[in-house]
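Comments concern the structure below.
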């Protein structure tokens, strides 16, 4: 019997037809695949799943090693299988998340017999004969619909500031971070006000000098972050994408939860936030009022953008730069109901990705008439 890899390789000599192509096998992609199969759809004929990474685990397999199960900002169960029950006998809280979560995803794929073709890079999706042509590095595929779950990890965002090319120190993004020890003896400028920025500021500040800058004053959420507040935050992000505006992160509207780590950082005096600089110099940064600061490293914890370049030939973007979404959970592209984006906008969180996968599977199969 031919292997999944052999089947994909053979596609380079023909155009393989299927009903739905799921692009990406992280949390949102696996949730979508689970619900498609649970609805009675047949893998191969009715749907197929591609993943660019060589191994299971989505973006988790690339997270920095110091991120452990005790420090990660929540790991939510995939539908039908508990993370805690799956890993409880194998992993302690100190175990690296980039090991535990990929193992969980791998177990999930095997348990529910979800066939994921990997590594397969989707280069472009375009219109062809009233279907969607999916061009990959393993061949061409023809689909009736797309569930896009490519996430953001391969689209790090670094804002453009004057003088960046002149800086003689090092510049790196969150996705390049490995461990704090790499910066010992250096003055590190950490840019960004999200949870990742706080996590890395905490680690790095314990072994070397740091300065923290953000575009806006950080908002610390002193109260409990309960389900109601979570729903309110997701609703605000959903409202933006339904209006075709670029999606903000959920964290941008929830604020930063005050955890024991935050309290400890306050006591150490490392949360003395500075406003955003106006330009980068050869040796550091300069503010509008003229004062400057010499640093050795600029660490950009400035987030990611949706990995959607392969969908651009379908002309789904609005003049604002966003994508107008509709459907029950705002996963459906308003301009083309054959396309659903999961893990985007309001479903960018892991818990949101699960619900989005189910909604996308149900709405897309109904629209396409696939049973």
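The values are calculated or read from the model by the stated rules, or taken from the named source; none is laboratory data. Everything quoted here is computed from the prediction, not taken from an experiment. Here the Cβ positions follow ideal geometry from the backbone for every residue, glycine too, while neighbour counts run over all protein chains shown.
Considered as a group, the residues in segment 316-329 that are in contact with a strand residue (DSSP E or B) (Cβ under 9 Å, 6 or more places away or on another chain) and without any contact (Cβ under 8 Å) to a residue 60 or more places away in the chain include one that is surrounded by the fewest Cβ atoms within 10 Å (Cβ to Cβ), and that residue is 316.
Only residues that are free of Cβ contacts under 8 Å to residues at least 24 places away in the same chain and touching a strand residue (DSSP E or B) at 6+ places or on another chain (Cβ under 7 Å) were counted in segment 288-315, giving 1. Return the only residue of 251, 241, 237 being within 18 Å of the chain's Cα centre (by Cα), at pLDDT below 95 and closer than 28 Å to residue 188 by Cβ. Exactly one of 251, 241, 237 is within 18 Å of the chain's Cα centre (by Cα), at pLDDT below 95 and closer than 28 Å to residue 188 by Cβ, namely 251.
Screening residue 332 against (1) buried (at least 17 other Cβ atoms within 10 Å of the Cβ); (2) farther than 26 Å from residue 176 by Cβ; (3) over 21 Å from the mean Cα position of the chain (by Cα) leaves a single unmet condition, (3). Within segment 24-42, can one find any residue that is more than 18 Å from residue 342 (Cβ to Cβ) and either modelled with pLDDT of 95 or more or in contact with a strand residue (DSSP E or B) (Cβ under 7 Å, 6 or more places away or on another chain) (or both)? Yes, the conditions are met somewhere in segment 24-42. With respect to (1) part of a loop (DSSP other than H, G, I, E, B); (2) farther than 17 Å from residue 239 by Cβ; (3) in contact with a helix residue (DSSP H, G or I) (Cβ under 9 Å, 6 or more places away or on another chain), the lone exception for residue 365 is condition (1). Evaluate the following for residue 99: is it at pLDDT below 90 and outside any loop (DSSP other than H, G, I, E, B)? In short, yes. Does residue 60 meet the test of being modelled with pLDDT under 95, surrounded by 23 or more Cβ atoms within 10 Å (Cβ to Cβ) and not assigned by TED's automatic domain parsing to the domain that holds residue 197? Judged against the criteria, residue 60 is a match. Considering segment 107-212, the qualifying strands (runs of 3 or more DSSP E), each wholly inside and each with 1 or more residues that are closer than 30 Å to residue 366 by Cβ, run over 122-128, 131-136, 139-148. When segment 341-353 is limited to residues that are touching a strand residue (DSSP E or B) at 6+ places or on another chain (Cβ under 7 Å) and either in a helix (DSSP H, G or I) or under 16 Å from residue 322 (Cβ atoms) (or both), the one that is modelled with the lowest pLDDT turns out to be 345.
Taking segment 282-314 as the range and being crowded, with 19+ Cβ neighbours inside 10 Å and more than 27 Å from the chain's Cα centre (by Cα) as the test, the residues that pass are 284, 285, 295. Are any of the residues in segment 265-280 within 22 Å of residue 60 (Cβ to Cβ), modelled with pLDDT of 95 or more and in contact with a strand residue (DSSP E or B) (Cβ under 9 Å, 6 or more places away or on another chain)? No, there is no match, as no residue in segment 265-280 is within 22 Å of residue 60 (Cβ to Cβ), modelled with pLDDT of 95 or more and in contact with a strand residue (DSSP E or B) (Cβ under 9 Å, 6 or more places away or on another chain). Yes or no: segment 196-217 includes at least one residue that is touching a helix residue (DSSP H, G or I) at 6+ places or on another chain (Cβ under 7 Å) and at pLDDT below 90. No, segment 196-217 contains no residue that is touching a helix residue (DSSP H, G or I) at 6+ places or on another chain (Cβ under 7 Å) and at pLDDT below 90. Going by what's in this entry, would residue 32 be described as touching a residue at least 40 places away in the same chain (Cβ under 8 Å), surrounded by 18 or more Cβ atoms within 10 Å (Cβ to Cβ) and in a loop (DSSP other than H, G, I, E, B)? Considered against the rule, which asks whether it is touching a residue at least 40 places away in the same chain (Cβ under 8 Å), surrounded by 18 or more Cβ atoms within 10 Å (Cβ to Cβ) and in a loop (DSSP other than H, G, I, E, B), residue 32 comes out as no.
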